Amino acid sequence: MCGIAGYTFARGLPVGEHPAHAARLARMTASLRHRGPDAQRGVLLDGAALGHARLAIVDVEGGRQPMIDHATGVAVVYNGEIYNHVELRERWGGSYAFRTRSDTEVLLAGYVREGIDAVSRFVGQFAFAIFDPRDGATWLGRDRVGICPLYYTRTPEGWAFASEIKALMAGGHVKAALDAVGVHQSIRLWSPLAPRTCFRDVLALPPAHVARLDGRRIALSRYWDLPIPNPARASSGQEGPASRRLAELLADAVHLTLRADVPVSAYLSGGLDSSLVSALAQRELGGSLQTFSMSFARPEYDEAPFQRQAARALRTDHRVAAVDDADIAALLPRVVWHGEQVLIRSAPAPLLGLSGLVRSTGTKVVLTGEGADEFFWGYDLFKETKLRAFWARQPASRLRPALLSRLYPYMPRMRQSPEVMSQFYGIGLDRPDAPAFSHQLRWAATGRIARLFSPSFAGAVEGSDPPGDVVAAMPPDVARSGPLARAQYIEAQTLLSGYLLSAQGDRVLLGNSVEGRFPFLDHRVIEFACALPEGLKLRVLVEKYLLRRLARDLLPPSLAERTKQPYRAPVVGALVGPSAPDWARRALSRDAVDEAGVFSGEKIERLAAHAAASGGHETEGNAMALMAVASAHLLHERLVRGFEVPSADVRAVEVSAP
Amino acid sequence: MSTEARIREFIHDTFLADDFGDDDSFLKTGLIDSTGMLELVAFIEEAFAIEVQDSELLPANLDSVRNLARFVERKTQRAAE
C-alpha cells in the first residue's frame, strides 16, 4: 500500500506561489514516508496539489504516481490494491489505451470511461483522490469496509486530504487539538465513530463512500452497503452446497490477494481464520509460503503451540516474534504516533513488532484472517448476545443465565446467585429488542472509565453519549433486524473499520512499510456470509460453523475444532511496575495527566499505585483505563504539541508541475 | 478502624470512587463490575479472615458499604462464637 496527500485551491494559481505550494505538498507527503518508502512524488495542478508515497508492489517500474491521463488531464493518487485489475483491464482495454500494467491505471481508466461509478466494479482495498480538470472537481473514495484510511478537513481555499491525520498537520491545514467527543467515543466504543476522529476539525471519509469536492462544497455518497444478515433458520441440505460455494469463493479471494510482483506471505495466529487463509495460499503457491506469528512471554496470552502446529501441518517457512511486557511498552509510543487515536487495548503493539519482523526479511505483503470473526460470527459477543436473548425470554430462569459461564470462566462462583447474575449480565434484559442490546455489557464496562475524567473533560463531553450515537446512526432496516444482525452491524461500524483495520491494522502494518491483505474482507465473501442462515454461522454455541466445516478438509482437527481465543496483549505489566519505561512513568504522573487534559491527574496517580500493587491482577476496567491514559498522553505529546517532519524526508519528495 | 471505614478505604483505592454513600448500590451505580465484585469478596475474606460461601453472594450481603459491613460483622461474630 501507499500514502496519499493533497489539497485543493482556486484555479489560476500565480506561478510565483508555486514554490510555497510545492514545499507544503512535500511536507505532507514526507510525513507519510513510512507508508511508501520506495518513492515520494507530488504534482501541482490547476486547482489541486496531489502527493504520493509509494510502496511498490504491482508494476514496480510502470506504476509511478501521481498518474495523469494525457487525453483528459485527469490525475490520480491512490493507495491500495484493485485485485481484479487484470479483468477490468480487459473490460476497458478496448476504449482506453493502457500504458502500464499497474492497477493505478485501471482506476484512472475506469474513471475516464465510466465516471466515479466505476468504483463499484473494484474488488479490493483502496483510498484515492482524483482531480478532474474538466470541471475542476476532486473526488475522494474509500473501499467498502475501510481497510485503507482517508481523512479530510476544510481549508480557507477548499479541502485538504490525506491517508493519515499527521499529513494534514504537517501541511498546516489544521491546528492539532484533541476532539473531546472523538476521544470519548474511542474510550466507550474502542474507536471514534466515522466521520469523527480524535482530532478537532479532522474527518474520516466513511467506508464505502465517495466524496466530490468542489470549491468549499462537499457531497458524500455511499456506493455500497453492508447487507443485513439473513434471519432464516438453516434447513437441512443447505450445508453441503454452502460449504462448496464458500470453498470456491475463499479460494478465489486468496488467489486475487496473492497477485503481486513481490512475494506475499501470511500471518499465522494459531486460530482458525489465518490457518485457513494460509492453507489456501500455500496450496496456490505450491509450498513456498512464508508465515509469521508472535509469541507472548505471558502464557495466558500465548498461542505459540497452535502456531507451530499449523506451520508444521501447512509446511510453511515460519518465523516468530517473541513479545514480552517490555517490548509492548517500548512499541506503544510508535503505535499511538501511527494510530492517531486513544486506545483502551495494547493489542496493536505486538502487531507493530510483527510487521517489523516481516519487513526485516524483505517481505512487503502479508495476508491475514481479519474479517472472519465479524461476518462468520466468531466473537464471543455473538454468543453472549444469543444467550442473553435466550435468557430474556425467561428472565426468572436460574438455568438460562448459567449458560453464560461457558463464556466467562471466572463466573462459576456467581452462578449460584441469580440476583447477582442479573445485576451484572442482565443489563437491558427487559428490552431485548433495544437496538444496542448486544453491546450493553461491553459499553457498561467502558462507561466506568468516565469516573476518572478530569472535571474540564467531563464538562466538555457532558451530554455526549457514544452508545446513543451508534444507535442514532443505525439505519432503520438494521434496527428492525434481529439482535445478532444488529450486533454484526455495530461491530462493523465501531470495532472493525475504526479500530481493527486502523490502529490494529493499516497503521501498525504500514508503520513498518508492510501491506496487509484480507481475503475474508473481499466484499463477495462478506455478501455470501451475510446471506447465510444464522445456523451456519453460530450453530447453538459453535462459532463460525461453516468455516469449521471447510477447515476439516484443509487443516488438522486440533486446529479446525479449536475454540476461538480472543487476541489480547498485556497492559498493566507494560505500563506500571518494575519493567515500565520512563515514558510510561511520565505518562501516568499527575502533571502529565493534567497537561493532556483528559483524565484527573490525582485519580490516575491512585490508579497507577493500585495497579503497581496488584501484582498483575488488575481489573479489566482499570487496565483499559491505564491504556487510555497512556495513549491520550502520547497523542498529546507526539501530535498535539507539534512535530517536525525530517528535512531530509521533505527534500526527498519530488514535486513537479505537468 | 471500623469495618465500614476499611471497606470504604478499599473501595476508594480500588475503584477510585470518591463520592458514594453508605447505602449506594455498587451494582446499580456501576461502581463495580463482575470481576470487581470477586475482588471485593477476596478482600473481605482476607482482611476479616472469613470465608464467603457461594450461596452468600447476594446483593443483600454485598451491594453497599452498609450491607457489606453488616455481613462481615455477622460472619466474624459467628466465627468468634
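Bear in mind these aren't lab numbers, they're just calculated from the coordinates by the rules spelled out. Only a predicted model underlies this, so the values are computations on that prediction, with no experimental measurement involved. We place every Cβ from the backbone using ideal geometry, glycine too, and count neighbours over all the protein chains shown.
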Separation between Cα centres of region A:20-77 and region B:26-81, rounded to whole Å:
64
Please report the relative contact order for chain A, taking Cα pairs under 8 Å with a sequence separation of at least 6, and give it as a percent rounded to a whole number.
18
At 0.36 nm per residue, minus the direct Cα-Cα distance, what do A:ASP214 and A:ARG121 gain on full extension? Give it in nm, one decimal, please.
31.0 nm
Helical contribution to [θ] at 222 nm, DSSP H n ≥ 4, -39,500 (n - 2.57), averaged over chain B, rounded to 500:
-18000 deg cm²/dmol
Counting alpha carbon pairs within less than 8 Å and at least 6 residues apart, what relative contact order, in whole percent, applies to region A:572-640?
35
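Would you mind ranking A:LEU607, B:LEU31 so that the residue whose beta carbon has the fewest other beta carbons within 10 Å leads the list?
Lowest to highest Cβ neighbour count: B:LEU31, A:LEU607.
Want the number for A:THR72 to A:SER558: 0.36 nm per residue separation, take away the alpha-carbon distance, what's left? Don't skip to the end; give the middle numbers.
On the way: separation 486, 0.36 × 486 = 174.96 nm, distance 5.75 nm.
Going from the current span to full extension adds 169.2 nm.
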So, counting K/R as plus one and D/E as minus one, what does the shell of residues with Cβ under 15 Å around A:SER355 add up to?
+3
Among A:ALA49, A:TRP583, A:SER221, whose Cα sits farthest toward the positive end of the charge dipole of the protein assembly as shown (+1 at Cβ of Lys/Arg, -1 at Cβ of Asp/Glu, about the Cα centre)?
A:SER221
Sum of side-chain charges, A:ARG345 neighbourhood, beta-carbon under 11 Å (Lys, Arg +1; Asp, Glu -1):
0
Amide H within-cut-off set for A:LEU367, under 5 Å, with H built and near neighbours excluded:
A:SER265, A:ALA266, A:TYR267, A:ARG517
Separation between the A:ALA657 and B:SER25 pseudo-spin-labels, each 7 Å from Cα along Cα→Cβ, expressed in nm?
7.1
Gyration tensor on Cα atoms of region A:380-491, a ≥ b ≥ c root eigenvalues, a/c under 1.5 rounded, else prolate if a/b beats b/c, else oblate, says oblate
Which parts of region A:254-298 would a label at A:ARG524 reach, counting a residue when its backbone N lies under 12 Å from a point 7 Å out along Cα-to-Cβ?
A:254-257
For labels at A:TYR223 and A:ASP591 in the simple 7 Å Cα→Cβ model, what's the distance in nm?
5.2
Mean separation of Cα pairs under 8 Å and 6+ residues apart, divided by the residue count of chain B: what relative contact order is that in percent?
38
Given a Förster distance of 45 Å, report the FRET efficiency between B:GLN53 and A:GLN238 from their Cβ-Cβ distance, rounded to the nearest 0.05.
0.40
Which loop trypsin sites (Lys or Arg not before Pro) in region A:620-658, with loop taken from DSSP, have no more than 13 other Cβ atoms within 10 angstrom of their Cβ?
A:ARG641
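What FRET efficiency would be calculated for the residue pair A:ALA609, A:ALA177, taking the C-beta separation as r and a Förster radius of 25 Å, to the nearest 0.05?
0.25
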With charges set only on the Cβ (+1 for Lys and Arg, -1 for Asp and Glu), what does the dipole of chain B come to about its Cα centre, in debye to the nearest 20?
260
What does the helix-only formula give at 222 nm for chain A: each DSSP H stretch with n ≥ 4 adding -39500 (n - 2.57), the total divided by the residues, and the result rounded to the nearest 500 deg cm²/dmol?
-11500 deg cm²/dmol
Please sort by residue number the trypsin sites (Lys or Arg not before Pro) in chain B whose DSSP state is loop and whose Cβ has at most 12 other Cβ atoms within 10 Å.
B:LYS28
Under a Cβ-only charge scheme (Lys and Arg +1, Asp and Glu -1), can you give me the dipole magnitude of the protein assembly as shown about the Cα centre, in debye to the nearest 20?
1340
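Listing A:LYS544, A:LYS386 from the residue with the fewest other Cβ atoms within 10 Å to the one with the most, what is the order?
A:LYS386, A:LYS544
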State, to one decimal in nm, how far the label point of A:SER397 lies from the label point of A:ARG154, with both points 7 Å from Cα in the Cβ direction.
5.3
Environment charge at A:VAL277 (Cβ cut-off 14 Å; Lys +1, Arg +1, Asp -1, Glu -1):
-3
Apply the a/c threshold of 1.5 to the C-alpha gyration tensor of region A:441-588 and tell me whether it is rounded, prolate or oblate.
oblate
Additional length obtainable on full extension of the chain from A:ARG312 to A:GLU644, 0.36 nm per residue less Cα span
114.9 nm
